[in-house]
Amino acid sequence: MSRGRERVVALVDMDCFFMQVEQRFDPQLRGRPCAVVQYNKWQGGGIIAVSYEARSFGVARGMWATEARALCPELLLARVPEARGKADLTRYREASAEVMEVLSRFAAIERASIDEAYLDLTGSARERLRELRGRPLGAELLPTTFVQGLPGGPDPQHAAKEELRQRGVQEWLASLSFDNPDCPDLQLTMGAVIVEEMRVAVEKATGFRCSAGISHNKMLAKLACGLNKPNRQTLVSSRSVPQLFSQMPVSNIRNLGGKLGAAITDILEVEYIGQVTQFSETELQTHFGDKTGSWLYDLCRGIDDEPVKNRHLPQSIGCSKNFPGRTALATQKEVQHWLLQLALELESRLIKDRSQNHRVAKQLMVVIRMQGDTRLSRFCAVTRYDAQKIYSDAFALIQNCNMAGAHQAAW
Ligand code: DCP
Ligand code: CA
Ligand code: CA
């Protein structure tokens, strides 16, 4: 088997997640253009999740509610609950845990964020293929699967998306030889069948819909997942990679959305990830260092060896609040007030986590963002789950960051 095609990896990502949570809470929002906003004092609140019905009007995350209403007058809004003067995400975290619970029935999961998880389905796919004993798989087992790159040939002008999807699946299945259970493409196909079942189970148990990507590694699975959202899944085979990568912006690739991606496009003067294949491994190492260079050499060929970890829980418990523009905190009293509010939230979530997950936090990290977007972080040990103690430790850590001087009333 050629390198990089040994595994079957899936990424499941919930569609407009916070929005679906609100739609389950208030069924009147279902099937309507709607959005979730945080706070409402300024411009009706900032939008953090958008239903697909509203997206077709151009409504997007990051807009103010007033801007969105201008694009879509019938837009309905749901508000993030608040506690202690800040957004309270408990409702979404609990919904996330419901989803992760269902996914865990199928394989070990790596929780990647509040609404997505990776699964290594290699073992399950192999087992199911053994049970199949060479019988072919039918298209009815892949009712929401797109096969990336198929159907081949020029796009017919008036074909509906669903019709193209079906033709793609048919072409794909016709190309497989079912007598070789070690065939990577066959294993991916069985992975896709399992993911179809998983997504049905998630919707049945939680009412939430999701999309998924099925491929040989985490990078390709993540990319695949976004190709046919919402409520659909996409299989990316290794043979579809060159075509897919030839027009895929570098920044769309997992881990290349930030500074590294920008450095790649600048230094190599490329736009698409596929263009990086023109460079030798040594050239890439010269520009980006030995480790990153080699990693990139593989990555632009669709190869990524990062294992799917077995991690069900978030690694850290964090809470934060932004004070943009003129709301920036200006006195020591204000800083103390909000630190205490954050500490209170932390205390309650830590206590809940300890009893639910039988673990204790070791380290407290305090991050502050100052004017000009400068960030600064400090650490200390967590000794007790006590808001007053967390608050005073946190304040001690950042006290000397006060531009007005550590003992000034001003901040
Ligand atoms: N979220 C947020 N602020 C951000 C990004 C995300 O509050 N800057 C929250 C709201 C989202 C949820 O996290 O509903 C999941 O984020 P996604 O990026 O996966 O986006 P959605 O699930 O909303 O939409 P999509 O269907 O495109 O995945
Ligand atoms: Ca999502
Ligand atoms: Ca996500």
Can E82 be described as within 20 Å of the chain's Cα centre (by Cα), at negative phi, loosely packed, with under 15 Cβ neighbours inside 10 Å and away from ligand 2 (no atom under 16 Å from the Cβ)?
no
Residues of the stretch 261-276 being of a type in the set (G, A, S) and open to solvent by 40 Å² or more (accessible area, probe 1.4 Å), in sequence order, are A262
Of the numbered conditions (1) assigned by TED's automatic domain parsing to the domain that holds R199; (2) open to solvent by less than 20 Å² (accessible area, probe 1.4 Å); (3) away from ligand 3 (no atom under 16 Å from the Cβ), G45 fails exactly one; give the number of that condition.
(1)
Quick one: would you say R135 is surrounded by fewer than 18 Cβ atoms within 10 Å (Cβ to Cβ), within 16 Å of ligand 2 (Cβ to nearest atom) and either of a type outside the set (F, W, Y) or assigned to a loop (DSSP other than H, G, I, E, B) (or both)?
no
Give V36, V59 a once-over and let me know the one that is modelled with pLDDT of 95 or more and within 15 Å of ligand 2 (Cβ to nearest atom).
V36
Inspect the stretch 64-79 for any residue being within 16 Å of ligand 2 (Cβ to nearest atom), touching a strand residue (DSSP E or B) at 6+ places or on another chain (Cβ under 9 Å) and among the aromatic types (F, W, Y) and give the result as yes or no.
no
Here are the criteria: (1) over 22 Å from G226 (Cα atoms); (2) surrounded by fewer than 18 Cβ atoms within 10 Å (Cβ to Cβ). Tell me which single one F279 does not satisfy.
(2)
Taking the stretch 1-42 only, how many residues are assigned to a helix (DSSP H, G or I) and away from ligand 1 (no atom under 12 Å from the Cβ)?
5
Per the filter on the stretch 362-389, residues touching a Leu at 6+ places or on another chain (Cβ under 6 Å), open to solvent by less than 40 Å² (accessible area, probe 1.4 Å) and not aromatic (F, W, Y) are V366, I368, C380, V382, A387
A343 in a loop (DSSP other than H, G, I, E, B), modelled with pLDDT of 95 or more and not assigned by TED's automatic domain parsing to the domain that holds E110:
no
So for the stretch 51-66 (the condition being under 14 Å from R209 (Cα atoms) and either within 12 Å of ligand 1 (Cβ to nearest atom) or open to solvent by 60 Å² or more (accessible area, probe 1.4 Å) (or both)), does at least one residue qualify?
yes
Candidate set from the stretch 115-133 (those that are farther than 17 Å from I214 by Cβ and among the basic types (K, R)); member that is farthest from ligand 3 (Cβ to nearest atom)
R133
Being in contact with a Leu (Cβ under 7 Å, 6 or more places away or on another chain) and either assigned to a helix (DSSP H, G or I) or open to solvent by 20 Å² or more (accessible area, probe 1.4 Å) (or both) is the filter here, so list the residues in the stretch 116-132 that pass it.
E116, L129
Residues of the stretch 151-172 classified as within 18 Å of Q187 (Cα to Cα) and either open to solvent by 20 Å² or more (accessible area, probe 1.4 Å) or assigned to a strand (DSSP E or B) (or both), total
2
Given the residues N217, N228, N255, which is the only one that is surrounded by fewer than 22 Cβ atoms within 10 Å (Cβ to Cβ), among the polar types (S, T, N, Q) and under 21 Å from I109 (Cβ atoms)?
N255
Report, by residue number, each residue of the stretch 161-207 that is more than 15 Å from L235 (Cα to Cα), modelled with pLDDT of 95 or more and of a type in the set (G, A, S).
A174, A201, A205, G207
Would you confirm whether or not the stretch 64-82 contains a residue that is closer than 30 Å to P307 by Cα and in a loop (DSSP other than H, G, I, E, B)?
no
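The values are calculated or read from the model by the stated rules, or taken from the named source; none is laboratory data. Because the structure is a prediction, the values reported are computed rather than measured. Because the Cβ atoms are built from the backbone with ideal geometry, glycine has one as well, and the counts that use them run over all protein chains shown. Please note that ligands, DNA and RNA were not included when accessible areas were found on the heavy atoms of the full protein model with its side chains. Shrake-Rupley method; radii C 1.70, N 1.55, O 1.52, S 1.80 Å.
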